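J.: Sharing a structure below in C-alpha cells format, with a few things to ask.
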Amino acid sequence: MRDVRIWFSKSGAVKYVSHLDMFRLMTRAVRRADIPLWYTEGYNPHPYISFLQPLPLGVETCYEPLDIRIEGEIKNEEIKDRLNAVMPDGMHIVAVTQAFCKPAEAAYGEYKIVLDAQDIAADDIEKIIQDGALTVEKSAKVKGRKGTKTVDVSAAIHSYSVKTEGDTVVIEVTLPASPELTLNPLQFLESISNKYGTTLYPLSACRIRLLCADMTAFS
Amino acid sequence: MNKKLEKILPLVQKPARYTGGELNSVVKDKNSVDIRYAFCFPDSYEIGMSHLGIKILYSLVNARADAWCERVFAPWPDMEKRMRENGIPLFALESGDPLSAFDMIGFTVQYELCYTNILNMLDLAGLPLYAKDRTALTPLVVAGGPSVCNAEPFADFVDLCMPGEGEEVTNELIDLLKEHKKKGSTKAEFLREAAKIEGIYVPSLYDVTYNADGTVRAVTAKDGAPTTVKKRVVRDLDSVYYPDNLIVPFIEVVHDRVTHEIFRGCIRGCRFCQAGFLYRPIREKSPETISRQCEQLIKTTGYDEVSLSSLSSSDYTQLEPLLDKLLEWTIPQKVNIALPSLRVDNFRKDLIEKLTSVRRSGLTFAPEAGTQRMRDVINKNVTEEEIMETSRKAFEGGWTAVKLYFMLGLPTETDEDVMEIAALARRVVDVFYNLPERPKGKGVSVNCSASTFVPKPFTPFQWEPQLSQEGIAARQELLKVSNKSKKVQISFHEMHVSFLEAVFARGDRRLSKVIETAWRNGCKFDGWDEHFKFEVWMQAFEECGLAPEFYANRTRSYTEVLPWDHMDYGVSKQFLIRESEKAKQAKTTPHCRQQCAGCGADKINGGECDARRQNLVF
Ligand code: SF4
C-alpha cells in the first residue's frame, strides 16, 4: 500500500466539471485504467482518492495534484500511461510522483488570466490594482440568514504582472489558496470588474501551479 | 466551443450540461458523412442522459461511417434565457452546430408532459413549429418513444413517427433519407416512400374527420400510406445491435450506472399499465449475452454498478443463472448489481442473499390498490398474504423503510377501497412490530405514494374515464383522514399533472393548437413541479374552444373510433375488450407463462412470444 500523487492538466469542456464531479470522473478513470486500488474494509468498500485544492468552474489547470492509495506493484510511469489511455479529452496526466508535501502546505496558486484587449487595456488593470480597495461579494451569514458581504481583497494579492500580447491582455497573478484564505482567479477578476464598471469575461483562466508558504513549488 | 457560448457558460447552473466532450461521445468530420442526425431529448440533460434507449440508438447510428449522430437536450430555463439574449440557436453537444444544419432531428417522446418542450426546442432552433411550414426535405423532424403510440396531439409538428423499437427502423430511415437527399427529392416524395417502411407513421398522409359531438369520425390514409401502421419489434435480442461503450456524463445524472435491459415485454397484464401492453410480445436476452455486454460496458465506462432493467425483473426466467454469471466477475471487480422492479410475490430470501453486494436503499412495492377486489379489477395478481410475507422477509433482512405505491381513481373504486389503503399500510407496520427479531432500536417507516389513475391507449382501460378533479381531491382527503398511524406517511402526486396526462394520452389532433397556445403563454418543463402552470394550460384550452374534460373524463364506447385506431401495436382490440369486460366483473387473467391470453402481440413478431416458448412457471 502506498500513496501516489497524480499531476493532471485540464482544459476544454472538462474545466466546467465541478470538484465533486471530478472525484467521480477520476474514480471511474482509475477503474478503467485497471490500477490496483486500495479499498477500505467493510460492507461498502471504497477507494481512497483525494483532491487537494478545489478549482472554480471554468478555470483550467496545468499541474494539479490528486492523491490515490494503491496496492500491489505498479510503477509510477505505468500509472501515468494507463491513465492517459482512458482519459476524456481535455484531461491529461502530466506526472505521477511520490506525495512530498502535505496537503495543508499549499499556500498560494499561480494563475494566468487572458482577457480580450478590446474589453480592457493593460494600463487600466495596472491602475485599478495600484489604487487598491478591491472588493468582492462573498456569501456569508448575515444575522443568521444567508446573504452576502463585501470583502476587501487588495491585501490578499501576493504579486502580479500585466502585459499586452497581441490583441490580448495577460495577467499573471499569485493568489492565496490555503484552507484559511482563498482568492480564486474569477473572484480576482470580479474585483477588477467591480471597479472597472463592466463585467470582464476571461478568454481563459488557468492555474499554473501551487506554491508553499515559502514560495517554493508544492510537490 | 464558440466564444459566444464560452461567455455565457460561467453564468449558468451546471455548465457541463452544455459542453459535450464526455468520455465515449463521438466526434466525426462533418464533411465525411452523408447524414447528420440530431437526437433530441425534450427534457433536461440529467433526465435524458439516464435514458438507455437514446444511448443505444446514438451508438447504433454512429457505428455507420456515413452518418453522425449528436445529442441535444432541452436547455434549463436559465440557459435558455442567456441563449435567447445572445442569439445562440439550439445546438448539438458534439459539434456545437445549430439544429438547422442537420438532416434529421429526432425527438424521443417518453411522456405526455414534454410536448411543450418539443415546441420550445424547435423554436430555439429557429425552425417553424408546424411540419407543413417546414417545406424543405431537411431538416426532417421525426419522433419515437412510447408516446408515439398516440402521436395525434403533436402529430402536426412532426414529419414522421417511428412506433415501436428503433434499432432496425432507424437505419432504414437513414438509408432512405440519404438516397432521397442525393436525388434531390421533395419532402412529399420522400414521405410517401418512408410511409412504406414498416414501423413508420407519416401523420400528414392521414386525414382525420370528426363527428358533430367532437369524436373522431374516420382516419383515412392517402397517397398509398397503409391503413394501419404496425409498430416495429426486434425479434432476437441476442443478435440485435448493442453498443460496447456508453457516454459517461461529467455531471451526476439520475441513473449514473450501466443499465441493462434483460427482457422486453411483460407477462403480467396489469390492466392499467401501458408499458405492459405496448412492449409485448415477451423477448428475453440470454444470461450469456447480458453478462458479456455488461462486463464490456463496465470496462469501457468505469462505472461500479450494473442495474438490470425490465418491467418486472423477477419474471426473467433465468434470473438465478444470470446472477451467478454476473457475480463471477462483479465481485472481484467490486461492481454492485441493482435489481429494481422486483415483484412482491416472488421476492425471495435466497435472492436477497445472492444480492448482498447490492446497496440497500429503501425497498419499494407496488400493491397499487388496498383491497383484493380492486387488485382483481386491475389484474394485479398479488394477495394480501404475499404483501405481508414479503414485508416480513424484508424486515428480517434488515430493511426498516418500505415504500408502497398505490393508485387512486381506478375504475369501480369505492370509498372502502380507498380506506383500505391506509389499513393495509397499517398492517405492514404491524408486521414489523410483531417480529421477534426485528432490528433493535429502530423504528419502521411505511411510505405510501398515491398517484392518480390515468387511462392510457392500448390498455383494457382505454375506454374508461378519469375520475373528475373534485372526485380525486375527495379521495385524497379520505385517504389522509383514514390514516391513523404515525409510522405511515402518505403522499400524493400532483393531480393536475395527471389530469393533463389523461387529456394528452388519449387526445386527438385538435390538441396541437392547445399545446402551441400553452407554450406561447409560457408553458415548458411541465413535468417539473416548479415550472408547471396549470392555469395557463386551462386558459389555453379555453382560448382554443376545447374542453379538457371531453378527453379525460368521458366514458368511450367500444364502437367509438379512437384517435389511435390506425396504429397497430400488436395487442388486438378484441383482447382489450375481453380484458375490459373481465375487469368489470373483477375477474383476473393468469399471467402469460401460466396461460397465453391471446393478446395478439405475437403476430407482430412472426408468431413468436418467449412467454409461451419457455414453459418455465415461476
Ligand atoms: S402472445 Fe400470449 S403469452 Fe405472449 S404476451 Fe400475448 S398473451 Fe402473453
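The values are calculated or read from the model by the stated rules, or taken from the named source; none is laboratory data. All of these numbers come straight from a predicted model, not from anything done at the bench. Don't worry about glycine lacking a Cβ; one is built from the backbone with ideal geometry, like all the others, and counts go over all protein chains shown. Protein only, heavy atoms only, side chains kept; ligands, DNA and RNA dropped before computing areas. Shrake-Rupley method; radii C 1.70, N 1.55, O 1.52, S 1.80 Å.
J.: What does the protein assembly as shown give for Rg and for Dmax, in Å, if only its C-alpha atoms count?
T.: When restricted to Cα atoms, the protein assembly as shown yields Rg and Dmax of 29.4, 87 Å.
J.: With charges set only on the Cβ (+1 for Lys and Arg, -1 for Asp and Glu), what does the dipole of region A:104-212 come to about its Cα centre, in debye to the nearest 20?
T.: Using Cβ point charges on Lys, Arg, Asp and Glu, region A:104-212 gives about 760 debye.
J.: A further question on this structure: Mind checking which of A:Ala205, B:Thr414, B:Ser468 is farthest towards the positive end of the protein assembly as shown's charge dipole, using Cβ charges of +1 (Lys, Arg) and -1 (Asp, Glu) about the Cα centre?
T.: Farthest towards the positive end: B:Thr414.
J.: Right, here's the next one. Any idea which of B:Gly166, A:Ala217, A:Gly166 is furthest toward the positive side of the dipole for the protein assembly as shown, if Lys and Arg beta-carbons carry +1 and Asp and Glu beta-carbons -1?
T.: So the residue we want is B:Gly166.
J.: 222 nm [θ] for the protein assembly as shown, helices only, -39500 (n - 2.57) per DSSP H run of 4+, per residue, to 500? Don't jump to the answer; show the numbers that get you there.
T.: On the way: 25 runs with 254 residues, N = 837.
Result for the protein assembly as shown, helices only: -9000 deg cm²/dmol.
J.: Can you give the FRET efficiency for B:Thr228 and B:Asn521, using 1/(1 + (r/R0)^6), R0 = 35 Å, r = Cβ-Cβ distance, to the nearest 0.05?
T.: 0.45
J.: Counting only pairs 8 or more residues apart or on different chains, how many lysine pairs in region A:104-212 have their Cα atoms under 17 Å apart? Write out the running numbers ahead of the final one.
T.: Working: A:Lys112/A:Lys163; A:Lys127/A:Lys163; A:Lys127/A:Lys195; A:Lys138/A:Lys146; A:Lys138/A:Lys149; A:Lys138/A:Lys195; A:Lys141/A:Lys149; A:Lys149/A:Lys195.
Count of close lysine pairs: 8.
J.: How do B:Trp528, A:Trp7, B:Trp399 rank by accessible surface area computed with a 1.4 Å probe, from largest to smallest?
T.: Descending accessible area places them as B:Trp528, B:Trp399, A:Trp7.
J.: Suppose every Lys and Arg Cβ carries +1 and every Asp and Glu Cβ carries -1, with no other charges. What dipole size does region A:2-99 come out with about its Cα centre, to the nearest 20 debye? Walk me through the numbers on the way to the answer.
T.: Values: 12 positive and 13 negative charges, 33 e Å.
That gives region A:2-99 a dipole magnitude of about 160 debye.
J.: Which whole-number percent is the relative contact order of region A:1-84 (Cα, under 8 Å, 6+ apart)?
T.: Relative contact order here is 49 percent.
J.: OK, next. Over both sides of the A-B contact, add up the buried accessible area with a 1.4 Å probe and give it to the nearest 100 Å².
T.: The buried area between A and B, both sides summed, comes to about 2100 Å².
J.: While we're looking at this one, here's another question. Report the semi-axes of the equivalent ellipsoid for chain B in whole Å, largest first, where each axis is √(5λ) for an eigenvalue λ of the Cα gyration tensor.
T.: 38, 30, 25
J.: Just the number, please: percent antiparallel of the DSSP beta bridges in the protein assembly as shown, rounded to the nearest 5.
T.: About 60 percent, rounded to the nearest 5.
J.: Nearest-5 percent of antiparallel DSSP beta bridges in chain B? Let's see the in-between values first.
T.: Working: 11 of 57 bridges.
In chain B, DSSP labels about 20 percent of beta bridges as antiparallel.
J.: When the Karplus curve 6.51 cos²θ - 1.76 cosθ + 1.60 is applied with θ = phi - 60°, which whole-Hz ³J(HN,Hα) does each residue of region B:555-564 get, with x for Gly and Pro?
T.: My calculation for region B:555-564 gives 7, 9, 8, 4, 8, 4, 6, 8, x, 10 Hz in order.
J.: Something else now. Place +1 on the Cβ of every Lys and Arg and -1 on the Cβ of every Asp and Glu in region A:2-99, take the dipole about the Cα centre, and give the residue among A:Gln53, A:Leu83, A:Ser18 whose Cα lies farthest towards its positive end.
T.: The Cα lying farthest towards the positive end belongs to A:Ser18.
J.: Helix A:19-32 versus the longest principal axis of chain A: what is the Cα-based angle in degrees, 0 to 90, to the nearest 10?
T.: Approximately 30 degrees, to the nearest ten.
J.: Can you pull the mean other chain C-beta count within 10 Å for peptide A:25-38?
T.: 3
J.: Next question. Scan around A:Phe218 for amide H atoms under 5 Å from its own, H built in the peptide plane at 1.01 Å from N, and keep only partners 5 or more places away or cross-chain.
T.: A:Leu210, A:Leu211, A:Cys212
J.: Compute accessible area for region A:81-125 by itself and then with all protein chains, 1.4 Å probe, and report residues whose area falls by 20 Å² or more.
T.: Going by heavy-atom accessible area, the residues of region A:81-125 that drop by at least 20 Å² are A:Pro88.
J.: Express the accessible area of the protein assembly as shown per residue in Å², computed with a 1.4 Å probe while the remaining protein chains stay in the model.
T.: Values: 33800 Å² over 837 residues.
Solvent-accessible surface per residue comes out at 40 Å².
J.: Please give the solvent-accessible surface of B:Trp564 in Å², to the nearest 10, using a probe radius of 1.4 Å with every protein chain present.
T.: Rounded to the nearest 10, the figure is 10 Å².
J.: Using a 10 Å cut-off on Cβ to Cβ distances, tally the other chain neighbours for every residue of B:294-304 and report the average as a whole number.
T.: Counting other chains' Cβ atoms within 10 Å and averaging over B:294-304 gives 3.
J.: Can you give me the % of accessible surface on region B:160-227 that is carbon or sulfur? Probe 1.4 Å, all protein chains present, nothing else counted.
T.: 48
J.: Right, next: Rounded, prolate or oblate: which fits region A:104-212 when a ≥ b ≥ c are the square roots of the eigenvalues of the alpha-carbon gyration tensor, with rounded for a/c under 1.5 and prolate only if a/b beats b/c?
T.: Numbers: a/c = 2.06, a/b = 1.31, b/c = 1.58.
Oblate, since a/c reaches 1.5 and b/c is not below a/b.
J.: While we're looking at this one, here's another question. On alpha-carbon atoms, Rg over Rh for chain A using Kirkwood Rh?
T.: In chain A, Rg relative to Rh is 1.02.
J.: Could you work out what % of the accessible surface of region A:104-212 is carbon and sulfur, using a 1.4 angstrom probe and leaving DNA, RNA and ligands out of the count?
T.: Using a 1.4 Å probe with all protein chains present, region A:104-212 comes out at 48 percent carbon and sulfur.
J.: About its Cα centre, what dipole magnitude does region B:487-544 give when the only charges are +1 on Lys and Arg Cβ and -1 on Asp and Glu Cβ, stated in debye to the nearest 20?
T.: The dipole magnitude comes to about 180 debye.
J.: Using per-residue counts of other Cβ atoms within 10 Å, averaged over each peptide, order B:163-175, A:120-132 from highest down.
T.: For the peptides B:163-175, A:120-132, the packing ranking is B:163-175, A:120-132.
J.: Now for a different question. Which order do you get for B:Phe532, A:Phe100, B:Phe406 if you rank them by accessible area with a 1.4 Å probe, largest at the top?
T.: A:Phe100, B:Phe532, B:Phe406
J.: Rounded, prolate or oblate: which fits region B:233-311, taking a ≥ b ≥ c as square roots of the Cα gyration tensor eigenvalues, rounded meaning a/c under 1.5, else prolate when a/b beats b/c?
T.: Because a/c hits 1.5 or more and a/b fails to exceed b/c, region B:233-311 counts as oblate.
J.: Ignore the peptide's own chain and count Cβ atoms of other chains within 10 Å of each Cβ in B:517-524; give me the average, rounded.
T.: Per residue, the average neighbour count from other chains is 0.
J.: To check you understand DSSP bridge types, tell me what percent of the beta bridges within region B:1-154 (both residues inside) are antiparallel, rounded to 5.
T.: If I count the DSSP bridges inside region B:1-154, around 5 percent turn out antiparallel.
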